[in-house]
Amino acid sequence: MSGSSTGARRRAASRPVLLMGFMGAGKSTVGPLLGRRLGFSFVDLDTAVSEHFQSPANEQLAAMGEREFRRREGVVLEDVLQVRNLVVALGGGTVTDARSRLIIRAHRGCLLWLDVDWPTVAHRLRGSTRPLWQGSDWERRLLFDRRRALYAALAEVRVDARQDALTVAAEAHRDLEAQRVV
Ligand code: S3P
């Protein structure tokens, strides 16, 4: 029947959805909720990097520096994207790496930006020990502004992530369907 074969084709062709956004945007919280709504698997890239290299991602970053950490993220991302029907929570800085951006493009990944403003980030990250959150106030703010410009340039879908996670997941789902990504 043409209806069911169209359905099968659509399912087979689902693009991976990659959650992008600053630390504290809620990628790891929204990701499983969105995955459940879509019937997709969920992978947290930080967790996958931790498992692959058998050391917490933040410790790897602190120990070996950002350049090597980005290389490792890219290796694991390529592996993760072999799975179909997938939602991935990227790390906050994954998309700063040109190779990871190429990998995402090669897999027709949809970059969904969880957009949060500075006051929300500053509030959510109070006391955070993430290595790239340890600088001075102005260094953090500079990182945020630079990243925000990059996310804006790369995003295919943008969701206001200041709201609670269930609402963010529902809006992301609605927007992905409206833009025929899923
Ligand atoms: C990073 C964000 C972290 C983690 C690492 C680097 C970044 O992930 O990958 O500390 O560069 O912004 P979250 O965005 O999940 O906190």
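Bear in mind that the values in this text are calculations on the coordinates, not laboratory data. Since this is a predicted model, take the numbers as computed values, not measurements. Here Cβ is always computed from backbone atoms with ideal geometry, including for glycine, and neighbour counts include all displayed protein chains.
Assorted remarks:
- Selected residue (criterion: surrounded by the most Cβ atoms within 10 Å (Cβ to Cβ)) from residues of the range 82-109 that are in contact with a strand residue (DSSP E or B) (Cβ under 8 Å, 6 or more places away or on another chain) and part of a loop (DSSP other than H, G, I, E, B): Leu90
- Any hit, the range 134-155, residues being touching a residue at least 40 places away in the same chain (Cβ under 8 Å) and within 16 Å of Pro16 (Cα to Cα): yes
- Matching option when the condition is in contact (Cβ under 8 Å) with a residue 60 or more places away in the chain, basic (Lys, Arg) and out of contact with any Lys or Arg (no Cβ under 7 Å at 6 or more places or on another chain), among Arg130, Arg108: Arg130
- Summed over the range 75-124, the residues that are on the phi > 0 side of the Ramachandran plot and of a type in the set (Lys, Arg) give a count of 1.
- Restricting the range 20-72 to residues that are within 10 Å of the ligand (Cβ to nearest atom) and aliphatic (A, V, I, L, M), the residue that is farthest from the chain's Cα centre (by Cα) is Ala62.
- Residue check, Ala170 over 16 Å from the mean Cα position of the chain (by Cα) and at negative phi: yes
- Residue count for the range 55-81 under the criterion of being assigned to a helix (DSSP H, G or I), surrounded by fewer than 20 Cβ atoms within 10 Å (Cβ to Cβ) and among the aliphatic types (A, V, I, L, M): the result is 4.
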